[in-house]
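Structure first, then comments.
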Amino acid sequence: MTPGSRRKFLIGAAATAGAGGLAGGFLWKHRPQYAGPAPVEPPFVPDPAFPNALRLPGADGMYGVLDASGSFTMVAKPVRHALLPGKPAAMLAYEVEHQGLALHNPVLRVRTGASLSIKFWNAIDETSIIHWHGLKVDSNNDGHPHYAIAGGATYDYQFTVPNRAATYWYHPHPHHLTGKQVYHGLAGLFIVEDDDEAALQKALDLRLGETDIPLVIQDRRFDDGGQLAFKPSADERFHGHYGAEVLVNLTPRPHFAAATRLYRFRILNGSNARLYRLAFRHGEQLLDYHVIGTDGGLLERPVTVKEAFLAPAERLDVLLDLRGAKAGDALTLISLPFDAMHQEMADGAALDLLRIQVHRKVPYDRPLPQSLSRIEAAPESAFSPRLIVLDQAKGRWRINGATYVADETPITVKRDTVEAWDIRNVPPTMPHPMHIHGFQFRVLSRTGSPEQQQRLAVTESGLAASDLGLKDTVLVWPGETVRIVIDFSHPFLGDQVYMVHCHNLEHEDGGMMLNLKVAA
């Protein structure tokens, strides 16, 4: 048994035990408090199984933070970066030069209402374009594949950010090449802030890169020299491309040094195809954590969970309370084992993702807020639900019996209308994370869900915590129908052409996407 497989076996056994038999809360909360001298903090020593410090957003380099406004240039280019320690790898990254510093895959941080003018320079040897995932922009600025530009060319984006505060992201979207380019590194975070976000940061003393921690989870495959290996077989193009090594913020087997306080984790599933069943574990116990936001920003109030599924492109904004811990305690962000419901069982494997080591005690008495934001009620549609059927035939994944044709718009809706959609995943099939460009939506119900999804329900209509609030991507299991509602109002002139597609990137590149026309 290899060290990697041994780790997976051990985490799988422990996680299964935790899920089955530990229904209580975080046991640290119940430890008695004794008066006496202050404990001596042990020196911080990383766990040998997690030897690499988690890469965090900073002033420059990979995930450098750019408070974006006005005009700047983003260059997609080849770079060399040590994804595995001591083994610089050829990869791709978006580069922004700012005040004499080079930022790679920068964390773009903006205020709601900011106006941006971004010149995209494609300095790689194949076509590309940037999609601003989750942003409500007109189709000229959305990053549709038909705007992809050749290597050496530029494309100008000009848009105002109307979205409420949330963790969005950006990535390439050229047809047939999205999976390859994302896999080789082209992806970054786009964080929008507003008054509700500012109030939360003040209430909990949250600082980006210190106590407000983005986590970009991506599985990757490496050759013996530490180079990224992406050569999907026919079977992998059908099921999706999975890697044996899971990186968090491009860091393998990472650790994070924490204190006894509340931490916020903004979690993005940036993998091509892999689903994660996220949980925090201490010993053999699964811990409570608090979901405070999803794709489209803060919920109205925290929802306490022990686990949540996160599909490719989905985001989950959570709080983890470490106030009851003591220096020297350690816990792990894991993916619990689950039934992947298709032949590629690697997708449901148990995984260790991040070791959180409590290094020091600090005074912290900020209460968990019970009111976070206000979300308008889901709009009502005057029409019968539109049926969106997911299936496959002759080895090709389809939407409503069709695959992508660049100049066809098989789904057409009228501007300023509200539609309900029933997204039905017809077995035999596999899970599909469905993404809609240009608009946020609300999830209304899940029916026909597998048991592993049903037991996460926090509403009578079958919704899990990860379904709440505003969404742009939703996971649909085999045999399941997910009803969503979308308001197609927008301020842009003329017809707008967006996309509906599966965010399993191998499915997307294989044609599991359709143009969505919003007619004026």
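Here GLN357 passes the criteria (1) within 25 Å of the chain's Cα centre (by Cα); (2) touching a residue at least 60 places away in the same chain (Cβ under 8 Å); (3) part of a loop (DSSP other than H, G, I, E, B) except the one numbered (3).
Scanning the range 394-435 for residues that are buried (at least 22 other Cβ atoms within 10 Å of the Cβ), aliphatic (A, V, I, L, M) and out of contact with any Pro (no Cβ under 9 Å at 6 or more places or on another chain) turns up ILE423, MET434. Could you pull out every one of the strands (runs of 3 or more DSSP E) wholly within the range 43-146 that has 1 or more residues that are modelled with pLDDT of 95 or more and within 30 Å of ILE356 (Cα to Cα)? Where strands (runs of 3 or more DSSP E) fall fully within the range 43-146 and carry at least 1 residues being modelled with pLDDT of 95 or more and within 30 Å of ILE356 (Cα to Cα), they are 65-67, 70-84, 87-98, 101-104, 107-111, 130-133. Tell me which residues, restricted to the range 261-314, are touching a Pro at 6+ places or on another chain (Cβ under 9 Å) and under 17 Å from SER371 (Cα atoms). Hits for the range 261-314 are HIS290, VAL291, ILE292, ARG301, PRO302. LYS77 satisfies every condition listed in (1) more than 24 Å from the chain's Cα centre (by Cα); (2) in contact (Cβ under 8 Å) with a residue 24 or more places away in the chain except (1).
For the range 243-282, the candidate set comprises residues that are under 17 Å from GLU314 (Cα atoms) and outside any strand (DSSP E or B); within that set, the residue that is nearest to the chain's Cα centre (by Cα) is GLY270. Against the condition assigned to a strand (DSSP E or B), in contact with a strand residue (DSSP E or B) (Cβ under 9 Å, 6 or more places away or on another chain), within 20 Å of PHE50 (Cα to Cα) and acidic (Asp, Glu), how does ASP352 come out, does it pass? Considered against the rule, which asks whether it is assigned to a strand (DSSP E or B), in contact with a strand residue (DSSP E or B) (Cβ under 9 Å, 6 or more places away or on another chain), within 20 Å of PHE50 (Cα to Cα) and acidic (Asp, Glu), ASP352 comes out as yes.
Identify the residue in the range 454-476 that is acidic (Asp, Glu) and more than 16 Å from PRO431 (Cβ to Cβ) and, among all such residues, is surrounded by the most Cβ atoms within 10 Å (Cβ to Cβ). Across the range 454-476, the extreme among qualifying residues is ASP472. Apart from one condition, THR304 fits all of (1) closer than 20 Å to ALA377 by Cβ; (2) among the β-branched types (Val, Ile, Thr); (3) surrounded by fewer than 20 Cβ atoms within 10 Å (Cβ to Cβ); the exception is (1).
A residue that is over 17 Å from ASP142 (Cα atoms) and part of a strand (DSSP E or B) occurs somewhere in the range 178-194. Considering only residues of the range 307-338 that are surrounded by fewer than 24 Cβ atoms within 10 Å (Cβ to Cβ) and among the basic types (Lys, Arg), which is farthest from GLN201 (Cα to Cα)? Filtering first and then ranking leaves LYS326. Of everything in the range 154-196, what is touching a helix residue (DSSP H, G or I) at 6+ places or on another chain (Cβ under 8 Å) and either in the same structural domain as HIS241 (by TED's automatic domain parsing) or of a type in the set (A, V, I, L, M) (or both)? Give them in sequence order. Across the range 154-196, the qualifying residues are ALA165, LEU177, VAL182. Of all residues assigned to the range 368-382, at least one qualifies as being surrounded by fewer than 14 Cβ atoms within 10 Å (Cβ to Cβ), on the phi < 0 side of the Ramachandran plot, touching a Ser or Thr at 6+ places or on another chain (Cβ under 9 Å) and not aromatic (Phe, Trp, Tyr). Only residues that are more than 18 Å from the chain's Cα centre (by Cα) and assigned to a strand (DSSP E or B) were counted in the range 306-345, giving 4.
The values are calculated or read from the model by the stated rules, or taken from the named source; none is laboratory data. These numbers come from a predicted model, not from an experiment. Positions of Cβ are backbone-derived with ideal geometry, glycine not excepted, and every protein chain shown enters the neighbour counts.
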